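The values are calculated or read from the model by the stated rules, or taken from the named source; none is laboratory data. Given the structure is predicted, the values throughout are model-derived calculations rather than measurements. Methodologically, a virtual Cβ is constructed for each residue, glycine included, from the backbone with ideal geometry; neighbour enumeration extends over all protein chains shown. Accessible surface is based on the protein model in full, side chains and every heavy atom, while ligands, DNA and RNA are left aside. Shrake-Rupley method; radii C 1.70, N 1.55, O 1.52, S 1.80 Å.
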Amino acid sequence: MHQAIVIGSNGGIGAACVQQLKSTQHQVWTLSRSNQASDHHRVFRDDEVSIHRVAKNLVNSIDDKPVRHLIIATGVLHTETIKPEKRLEDLCSASTQAVFAANTWLPLAWLQALLPLLQKQADCRVSVLSARVGSIGDNRLGGWYSYRASKAALNMMLQTAAIELARRAKGVKLIAFHPGTTDTRLSEPFQANVPEHKLFSPSFVAGRLLEVAQQQRLDGTLSFVDWNGQTVDW
Ligand SMILES: NC(=O)c1ccc[n+]([C@@H]2O[C@H](COP(=O)([O-])OP(=O)(O)OC[C@H]3O[C@@H](n4cnc5c(N)ncnc54)[C@H](OP(=O)(O)O)[C@@H]3O)[C@@H](O)[C@H]2O)c1
């Protein structure tokens, strides 16, 4: 049985990935900030100490079993106190820092903490949930300053990591994945103007993510791709 890890397993897309992986004969290790810890579920706080402690425990539990998929499905667009900015006057240091911490720093902290496990792999797809709105070339509408910038910065972090992993973890393929607008808590307040056929179910997106990840060649580069397998402009 192949091993798979889903970080952010309590989110809409993360939970659907867990279901999809279980239905395709994977042993899935789930991680989230919430839920009770169990045999195959680990709970973490979003700080360095907690992430490294939980990662060490996970690496020991998985031992030398090969990991086919690592999916990092965490991310934030809005909270009770954070709203995506529509104009310059809406910018606020605390909100921007919180969005960058969740969307840019957190996925990289997990890559850092799981490096010992990644270095043992011969064929492992690491899919990190990015977003097309993080594309600088594609930004024609403006707005959502912090979310856009945090995803653009995430892509740069991943590109930099891909260059390093090409030397230090040759069996890993890094993917920045754009899921398309998906019916989850994150998109819920912004779905009104989305045509029905363009609002994907989490299970559809999870299926596409696994298929697209599997299609990528193990070439030591970062692929920024969408749910349809198409390359997204930087
Ligand atoms: N839905 C879309 O239309 C869409 C479009 C493009 C990109 N994406 C990206 O897809 C990813 C998954 O989003 P989703 O749609 O599944 O949203 P979601 O249902 O809101 O799930 C987001 C997950 O991220 C976790 N999270 C948020 N802030 C965190 C933090 N500071 N530390 C640790 N975990 C944190 C949440 O954990 P808790 O459950 O503990 O709160 C939740 O599990 C995100 O990166 C998002 O940017 C989504």
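Miscellaneous remarks
- For the pair Glu80 and Lys120, the difference between a 0.36 nm per residue extended length and the Cα-Cα distance amounts to 10.3 nm.
- Over 30 Å between alpha carbons, listed pairs Lys56/Lys86; Lys22/Lys173; Lys151/Lys198: Lys56/Lys86
- Angle of helix 202-215 to the longest C-alpha principal axis of the chain, folded into 0 to 90 degrees and rounded to 10: 60°.
- The string of couplings for region 53-66 from the Karplus curve (6.51, -1.76, 1.60, θ = phi - 60°) is 5, 5, 4, 5, 4, 5, 4, 5, 5, 6, 6, 9, 6, x Hz, one whole number per residue in order, with x for Gly and Pro.
- Cβ crowding within 10 Å averaged over residues, with 108-114, 67-73, 223-229 ranked highest first: 67-73, 108-114, 223-229
- Degrees between helix 145-168 axis and first principal axis of the chain (Cα, 0 to 90, nearest 10): 30 degrees
- Counted by Cβ distance under 12 Å from Ile62, the other residues give a net charge of +3, where Lys and Arg count +1 and Asp and Glu count -1.
- Here region 2-226 is treated with +1 on each Lys and Arg Cβ and -1 on each Asp and Glu Cβ, and its dipole about the Cα centre works out to around 400 debye.
- log10 of Debye I(q)/I(0), alpha-carbon scatterers only, for region 94-222 at 0.11, 0.23 Å⁻¹: -0.43, -1.43
- Ordering of 42-50, 146-154 by burial proxy (mean other Cβ atoms within 10 Å per residue, highest first): 146-154, 42-50
- Nearest-ten-degree value, helix 12-23 long axis tilted from longest Cα axis of the chain: 30 degrees
- Heavy-atom accessible area order for Glu211, Glu85, largest first, 1.4 Å probe: Glu211, Glu85
- For Ile136, net neighbour charge (Lys/Arg +1, Asp/Glu -1) across residues whose Cβ lies under 12 Å away: +2
- Here the calculated FRET efficiency for Asp64 and Ser34, from their Cβ-Cβ distance with R0 = 45 Å, stands at 0.90, rounded to the nearest 0.05.
- Label sites at Arg217 and Trp234, each approximated as a point 7 angstrom past Cα along Cα to Cβ, lie 2.0 nm apart.
- Proportion of all alpha-carbon pairs of region 30-164 beyond 21 Å (%): 47 percent
- A quarter of the convex hull surface defined by the alpha-carbon atoms of the chain gives 12.3 nm² as the mean projection.
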